[in-house]
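Working notes, beginning with the structure itself.
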Amino acid sequence: MLTLSHYLMASGILFALGLAGVMLRRNIIIVFMCLEMMLSATNLSLVAFSRYGLVQGHANYQAQILVFFIITVAAAEVAVGLAIIVALFRAKQTTHSEDLNSLKF
Amino acid sequence: MAFIVNRKKLTLAEKLYLPAIFSGLAITWKHMKRALFGKGIITMQYPEEKWDKHLPEWYRGAPTLVKDETGRERCVACQLCEFICPPRAITIEPMEIPDGSHWRKVEKKPRAFDIDMARCIYCGLCEEVCPEQAIFLRKDYSITGLSRDQMVNHKDKLYEMGGVMNGLVIKWNEKK
Amino acid sequence: MDDFSNFISHFFSPAAWTFLKTLGERLMSPIGFLIWTTFLKSTILLGIILGLVSYTVYAERRVSALIQDRLGPNRVGWQGLLQPIADAAKLLLKENFTPKNANYFYFRLAPKLVMIPPILVLGVLPFGSSLFGVQMTIASINVGAIYVLAISSISVYGIVLAGWASNSKYPFLGGIRSTSQMISYELSLALSIVPIFMVVGSLNLNTIVQYQVEQGWMIAPFWPQGMNWHALLHPAAAWQAIAAGMSLRHLLLWIPLIISFFIFFVSMFAETNRLPFDLPEAEQELIGGYHTEYSSMGFALFFLGEYTAMISGAGVITTLFLGGWSLPFIPDGSHGWVWGLINIGAFFAKIIALLFVFIWVRWTLPRFRYDQLMKLGWYFFFELAIVNIFLTALILTYVK
Amino acid sequence: MQLTLFWFFSLLMIGFGAGVVVLRNPVACALSLVASFLALAALFVTLDAYFIAIIQVLVTAGAVMVLFLFIIMLLNLKAEERRRVKLSAMLGGGLIVGCFLELLSSTLSTSPLFSQPLPPLTEPVHSDVAMIGLTLFHSFNLPFQVIGVLLLVATIGVVLLSRQTLK
């Protein structure tokens, strides 16, 4: 039987993987990808809530709207973040977070 | 001195590309329509149709050796062609014509005369340089072989391909 | 019918007969019927498309030859019609070479990734009305149009991966070019068809085609419902139908629809890497771009993928703008299976006509320079598509 | 049927997600993330959220990850040499992740709401794209406009950031 907790657990594991990636990896781009993964994990739990918490027999579309917003904001965030990473790479020739230890260059 | 080419100011129609694109499409359409009815096609159906009749006067094909009308080998094995050949495709092994031979009036003839067609570049320098007019470039193409050995033309093959050339050595008269 | 089945049953043992009978019932139950018809439809469509792909390659060579006053392949079979088979045999028998420093796994994965997305796109295209009551769409889903966009946006990965995994300069440049080209043309591709969704009010490709059957094709919206085969017998009725179609709203909507057709068509060239925009594989600059290092079946898959993308792209254009399977005066498949077959034929005829245009354009236009391509995408088509959406909204709101 | 699909796609998603964390080569990480997102989109489909699934593929897999790949290739990142992962980071990370998962599972066991079976949907009047559109423009019009402004600002920011010389 497929229950809500199945989906929530899957989303939680994906989120935890993303979290682990953010903590363990040192390459900024990969850290950034792991952030994306965490955002998508929250999307999964939101969609699961929308499907299980029906409103008059229909899926709760407000949750899906929130997912829509999250995807949009994530896309904007990726564009800006990648631009920052490119600028960083131009200045320091590295994408390793350990090598970026000064606030000003 | 630097010469500055002023770029032409484009009109609106040229900037939009579209008229040019459509006129280009019209041109290709015209060509295709014509070709569809078999007109204006310049392809030659090779193995059935041959190019032989259209070969130009100056065409240079496979080099061959010739004999004169009496059956004498014209080549006197002077090895000028061997020396001048840029890709060193020609190998000549001379021999002396023995005393009492019918052709003893010249001293040497080739014992072996090999032209490696895998190396030949059809430059025609051998024909140009030959004092006896013994080597000629045939109007020949599609020179093929299945191995490197097959691509080497030996003396017999060269004479067979070249055949007989009548007349005197005319090279010195005409001063080309 | 019962007599017939009784008659047949004598040829089987009772156990086998009951098995056959339950099998038949299973197959005719709604879910079983859905499964086997879907399977059959997919198989047949895939077969047709793959055949069409190999003959598109042949057509490309013949048409290019004719345009250049040549003859093209005409030796294998009558007029060279067996050439695709000979080519396939040759490619299969060649050595499948992997360069030494290539990343083997990704190098082998890339051609498959190029091949899969265009085939997935075919899944939602309505390639016919209906045949014996079976709808001629493999999957009629309510987000069909965005599905097409989403799947075609994935197709870039194969190219990028091929460029990267080859570990070689030219393929790498091809892969990089492909990504940026894809990002810049995806936007105008997606935005240009928004006016259609606004006019039709649905993303389901079947609904879009049905709208075009009733209201006229998107690029020539001139006939409302009256344009059926009865009208053919009474020309006056047909004329009335056309005149009724020429309302102010129809005429005004024609402008944004033609613009969006134009943008979509051009963007499709960029999306399928066809000639005015074939920078990822530019032969003269990049020696073949992303598939430089491939040989044998890997190369063949790239080729097949490109042509399948062309065919599915042509299918999408047909479905969205050229009325899908519909022809004026021709009824749909519910009037008899002959009409159903004619509808399928009409769909593929339209695809073939579009493929011809693709080929014709390829052998006419020179390649765009890279900055020109970017400029065209970002400065021109993007803005035009957005303005087009506003124009459509204005017409839909104010002109009744 | 639905349970099988759920297990299949969630295992795919988590497997490829683990690939992002474990794999050394940035390109391999990015591709693994794409595969994970595709499986995630399939999970959305099992939840009858077709529009969200397609948007997920279109935006995240089709545009965002292509951008990632483009940047990885542009910067020509080699596979990172195996730097010794600091033991403290590993331990800390593992601890936090473990605590999070433990917290999640204990929360999920508290309420019977989380173990309800999939409720059946009534036959929808509009398609779910139409429903999302209606909800978006009726109840969330202002946030939608704000998102538009955000995208505009982001675009301007990116253009400024990618100038050659930062002033």
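This table checks each residue for (1) more than 30 Å from D:N76 (Cβ to Cβ); (2) open to solvent by 20 Å² or more (accessible area, probe 1.4 Å).
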position	(1), (2)
C:F132	yes, yes
C:I141	yes, yes
C:G144	yes, no
C:I154	no, yes
C:A162	no, no
C:S178	no, no
C:M182	no, no
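It is to be established whether one or more residues within region D:97-107 are over 17 Å from A:M9 (Cβ atoms) and charged (D, E, K, R).
No, there is no match, as no residue in region D:97-107 is over 17 Å from A:M9 (Cβ atoms) and charged (D, E, K, R).
Can you tell me which of B:D116, B:D99 is acidic (D, E) and under 18 Å from the mean Cα position of the chain (by Cα)?
After ruling out the rest, the residue left standing is B:D116.
From the set of residues in region C:64-79 that are at positive phi and part of a loop (DSSP other than H, G, I, E, B), which is surrounded by the fewest Cβ atoms within 10 Å (Cβ to Cβ)?
Per the criteria, the residue is C:G77.
Within 14 Å of another protein chain (Cβ to nearest Cβ), part of a helix (DSSP H, G or I) and in contact with a helix residue (DSSP H, G or I) (Cβ under 8 Å, 6 or more places away or on another chain): is that true of C:R61 in this structure?
Yes, satisfied.
Pairs under 7 Å by beta carbon, first residue facing chain C (nearest Cβ under 8 Å) and in a helix (DSSP H, G or I) in region B:24-46, partner surrounded by 14 or more Cβ atoms within 10 Å (Cβ to Cβ) and among the hydroxyl-bearing types (S, T, Y), six or more apart or different chains?
Close Cβ pairs (under 7 Å, with a partner that is surrounded by 14 or more Cβ atoms within 10 Å (Cβ to Cβ) and among the hydroxyl-bearing types (S, T, Y)) amount to B:G24/C:T364; B:L25/C:T364; B:T28/C:T364.
Going by the conditions given, is C:G289 surrounded by 24 or more Cβ atoms within 10 Å (Cβ to Cβ) and modelled with pLDDT under 85?
Answer is yes for this residue.
So which residues in region C:117-130 are under 30 Å from C:G298 (Cα atoms) and either in contact (Cβ under 8 Å) with a residue 60 or more places away in the chain or open to solvent by less than 20 Å² (accessible area, probe 1.4 Å) (or both), if there are any at all?
C:P117, C:P118, C:I119, C:V121, C:L122, C:G123, C:V124, C:L125, C:F127
Does any residue of region B:26-42 turn out to be modelled with pLDDT of 80 or more, surrounded by 14 or more Cβ atoms within 10 Å (Cβ to Cβ), within 29 Å of B:M117 (Cβ to Cβ) and within 32 Å of the chain's Cα centre (by Cα)?
no
Being in a helix (DSSP H, G or I) and open to solvent by 70 Å² or more (accessible area, probe 1.4 Å) is the filter here; which residues of region C:361-400 pass it?
Those that are in a helix (DSSP H, G or I) and open to solvent by 70 Å² or more (accessible area, probe 1.4 Å): C:D371, C:K375, C:W378, C:Y379, C:F380, C:E383, C:V387, C:F390, C:L394, C:T397, C:Y398.
Report whether or not C:I317 is open to solvent by 10 Å² or more (accessible area, probe 1.4 Å), more than 14 Å from chain B (Cβ to nearest Cβ) and modelled with pLDDT of 85 or more.
It is false that C:I317 is open to solvent by 10 Å² or more (accessible area, probe 1.4 Å), more than 14 Å from chain B (Cβ to nearest Cβ) and modelled with pLDDT of 85 or more.
Suppose we keep only residues that are more than 9 Å from chain D (Cβ to nearest Cβ) and within 22 Å of the chain's Cα centre (by Cα) within region A:67-105. Which one would you say is modelled with the lowest pLDDT?
So, considering only residues that are more than 9 Å from chain D (Cβ to nearest Cβ) and within 22 Å of the chain's Cα centre (by Cα), the one modelled with the lowest pLDDT is A:S97.
Filter region D:38-64 for residues that are open to solvent by 10 Å² or more (accessible area, probe 1.4 Å), at the interface with another protein chain (Cβ under 7 Å from one of its Cβ atoms) and of a type in the set (G, A, S) and give the result.
Listed by number, the list holds a single entry, D:A63.
If the Cβ limit is 7 Å and pairs must be 6+ apart or interchain, which residue in region C:321-338 that is under 13 Å from C:W217 (Cβ atoms) pairs with which residue that is of a type in the set (G, A, S) and assigned to a loop (DSSP other than H, G, I, E, B)?
Going by the 7 Å Cβ cut-off, the qualifying pairs are C:W325/C:G128; C:W325/C:S129.
Within region A:23-50, can you find the residues that are assigned to a helix (DSSP H, G or I) and at pLDDT below 85?
From region A:23-50, those assigned to a helix (DSSP H, G or I) are A:23-24, A:28-50; that's our starting set.
Within region A:23-50, A:M23, A:L24 qualify.
For region A:51-66, give me each residue that is more than 7 Å from chain D (Cβ to nearest Cβ), in a helix (DSSP H, G or I) and open to solvent by 40 Å² or more (accessible area, probe 1.4 Å). Spell out the reasoning first.
Step one: list which residues in region A:51-66 are more than 7 Å from chain D (Cβ to nearest Cβ), which gives A:53, A:55-56, A:60, A:63, A:66.
Applying the additional criterion that residues be in a helix (DSSP H, G or I) yields A:63, A:66.
Within region A:51-66, A:L66 is the sole residue that qualifies.
Going through region A:15-28 one residue at a time, which ones are within 7 Å of chain D (Cβ to nearest Cβ) and either touching a residue at least 40 places away in the same chain (Cβ under 8 Å) or open to solvent by 40 Å² or more (accessible area, probe 1.4 Å) (or both)?
Correct list: A:M23, A:L24, A:R26, A:N27.
Please go through region D:9-37 and give me each residue that is surrounded by fewer than 21 Cβ atoms within 10 Å (Cβ to Cβ), within 12 Å of chain C (Cβ to nearest Cβ) and modelled with pLDDT under 90, ordered by number.
Selection gives D:L23, D:N25, D:V27, D:A28.
Any chance region A:29-48 includes a residue that's over 15 Å from the mean Cα position of the chain (by Cα), at the interface with another protein chain (Cβ under 7 Å from one of its Cβ atoms), open to solvent by less than 10 Å² (accessible area, probe 1.4 Å) and touching a residue at least 60 places away in the same chain (Cβ under 8 Å)?
So far as region A:29-48 goes, no, none of its residues is over 15 Å from the mean Cα position of the chain (by Cα), at the interface with another protein chain (Cβ under 7 Å from one of its Cβ atoms), open to solvent by less than 10 Å² (accessible area, probe 1.4 Å) and touching a residue at least 60 places away in the same chain (Cβ under 8 Å).
Identify the residue in region C:80-105 that is assigned to a helix (DSSP H, G or I) and open to solvent by less than 100 Å² (accessible area, probe 1.4 Å) and, among all such residues, is modelled with the lowest pLDDT. First the steps, then the outcome.
Let us first name the residues in region C:80-105 that are assigned to a helix (DSSP H, G or I), namely C:80, C:83-93, C:104-105.
Okay, now just the ones that are also open to solvent by less than 100 Å² (accessible area, probe 1.4 Å), so C:80, C:83-84, C:86-89, C:91.
Numbers: C:G80: 81, C:Q83: 86, C:P84: 86, C:A86: 88, C:D87: 85, C:A88: 85, C:A89: 87, C:L91: 85.
By that ranking, first place goes to C:G80.
Could you give every pair whose Cβ atoms fall below 6 Å, whose first residue belongs to region B:100-121 and is under 19 Å from B:G162 (Cβ atoms), and whose second residue is open to solvent by 70 Å² or more (accessible area, probe 1.4 Å) and in a loop (DSSP other than H, G, I, E, B), counting only separations of at least 6 or pairs across chains?
Here the result reads B:D114/B:H154, each pair linking region B:100-121 to a residue that is open to solvent by 70 Å² or more (accessible area, probe 1.4 Å) and in a loop (DSSP other than H, G, I, E, B).
Do you know which residues across region B:142-168 are over 20 Å from B:E73 (Cα atoms) and in contact with a helix residue (DSSP H, G or I) (Cβ under 9 Å, 6 or more places away or on another chain)?
B:I143, B:T144, B:G145
Given D:S127, D:S106, which one is surrounded by 14 or more Cβ atoms within 10 Å (Cβ to Cβ), out of contact with any Asp or Glu (no Cβ under 7 Å at 6 or more places or on another chain), within 26 Å of A:A48 (Cβ to Cβ) and more than 9 Å from chain A (Cβ to nearest Cβ)?
D:S127
One residue is enough: does region D:136-143 have a residue meeting the conditions closer than 30 Å to C:I146 by Cβ, aromatic (F, W, Y) and within 9 Å of chain A (Cβ to nearest Cβ)?
For region D:136-143, residues closer than 30 Å to C:I146 by Cβ, aromatic (F, W, Y) and within 9 Å of chain A (Cβ to nearest Cβ): present.
Do we have C:V200 as at pLDDT 85 or above, open to solvent by less than 40 Å² (accessible area, probe 1.4 Å) and more than 18 Å from C:A314 (Cβ to Cβ) here?
Yes.
Could you check C:H10 against (1) within 29 Å of the chain's Cα centre (by Cα); (2) open to solvent by 80 Å² or more (accessible area, probe 1.4 Å) and say which number it fails?
(1)
For a quick check of your reading of the model, give me the residue pairs whose first member lies in region D:113-139 and is touching a residue at least 60 places away in the same chain (Cβ under 8 Å), whose second is open to solvent by less than 40 Å² (accessible area, probe 1.4 Å) and in a helix (DSSP H, G or I), with beta-carbon atoms closer than 7 Å and at least 6 apart or on different chains.
Listed by first residue and then by second, the contacts come to D:D128/D:F51; D:V129/D:F51; D:I132/A:Y61; D:I132/A:Q64; D:I132/A:I65; D:I132/D:F51.
The values are calculated or read from the model by the stated rules, or taken from the named source; none is laboratory data. This one's a predicted model, so the numbers in the text were calculated from it and none came from an experiment. Backbone-built Cβ (ideal geometry, glycine too); neighbour counts: all protein chains shown. Calculation scope for accessible area: heavy atoms of the full protein, side chains included, ligands and nucleic acids excluded. Shrake-Rupley method; radii C 1.70, N 1.55, O 1.52, S 1.80 Å.
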